[in-house]
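Trainee: This is the structure, below, for whatever I ask next.
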Amino acid sequence: MGKPKHERGLADTEAQAITRNIRVSPRKLNLVAALIRGRKAQDAVATLTFSKRRIAGTVKKTLESAIANAENNHSLDVDRLVVAKAEVGRSAVMKRFHARGRGRAARVEKWFSHLKIVVAEAKQAPAEAKGAA
């Protein structure tokens, strides 16, 4: 008498990884996520490796987790993986205050974010199929 099975929301050629409550604002995280959207998985890993943004390391770990999920859990070909989606969402906001002059206070908001990366196996192009044969 447990919960009913949850249907898989992704296609058979897709795998995902989700990282929640990342301590960075969604706006900044979306700048890094935009770098990898639509790219081949290996190119995206290389881009994140040499990015100067602090959060690029966390995004890289999430992407590598999605690639590992595709390979180990769904038996997809790693060489044909493409970053299909890189979604950024808002999480909690910590509210703090900063003391100002004359007894006043200023509000400081520390934003958190969620990141969801979906990798998909790209179909072989006709040129590649002819070249391989």
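Each reported figure results from applying straightforward, stated rules to the coordinates on display, with no laboratory input. Because the structure is a prediction, the values reported are computed rather than measured. Don't worry about glycine lacking a Cβ; one is built from the backbone with ideal geometry, like all the others, and counts go over all protein chains shown.
Trainee: Between residue 77 and residue 110, what is the FRET efficiency for a Förster distance of 25 Å, r being their Cβ-Cβ separation, to the nearest 0.05?
Mentor: Using R0 = 25 Å, I get an efficiency of 0.05.
Trainee: Right, next: Ranked by Cβ crowding within 10 angstrom, fewest neighbours first, how are 97, 112, 50 ordered?
Mentor: Taking fewest neighbouring Cβ atoms as first place, the list is 50, 97, 112.
Trainee: Counting helices only, and only those DSSP H runs with n ≥ 4, report the 222 nm mean residue ellipticity of the chain as the sum of -39,500 (n - 2.57) divided by its residues, in deg cm²/dmol to the nearest 500.
Mentor: Estimated from H runs of four or more residues: -10000 deg cm²/dmol.
Trainee: Please enumerate, by chain and number, the aspartates and glutamates with C-alpha under 18 Å from the C-alpha of residue 123, excluding those fewer than 8 residues away in the same chain.
Mentor: By straight Cα distance, residue 123 reaches 12, 14, 43, 71, 77, 79.
Trainee: If we count other beta carbons within 10 Å of each Cβ, what is the order of 88, 93, 78, 45, fewest first?
Mentor: So the ranking, lowest neighbour count to highest, is 93, 78, 45, 88.
Trainee: Sticking with this structure for a sec: Pairs of alpha-carbon atoms within less than 8 angstrom and 6+ residues apart define the contacts here; what relative contact order does the stretch 14-132 have, in percent?
Mentor: Relative contact order, the stretch 14-132: 39 percent.
Trainee: Compute the separation of the alpha-carbon centres of the stretch 1-78 and the stretch 101-116 and state it in Å as a whole number.
Mentor: 28
Trainee: Follow-up. Classify the chain: rounded, prolate or oblate, from the alpha-carbon gyration tensor (a ≥ b ≥ c, eigenvalue square roots; a/c under 1.5 rounded; otherwise prolate if a/b is larger than b/c)?
Mentor: It comes out oblate by the Cα gyration axes.
Trainee: Could you list the trypsin sites (Lys or Arg not before Pro) in the stretch 20-113 that lie in coil according to DSSP, counting only those with at most 11 other Cβ atoms within 10 Å of their Cβ?
Mentor: Within the stretch 20-113, the qualifying trypsin sites (Lys or Arg not before Pro) (loop, at most 11 other Cβ atoms within 10 Å) are 52, 54, 100, 104.
Trainee: When Lys and Arg each count +1 and Asp and Glu each count -1, what net charge do the other residues less than 11 Å away from residue 75, Cβ to Cβ, add up to?
Mentor: -4
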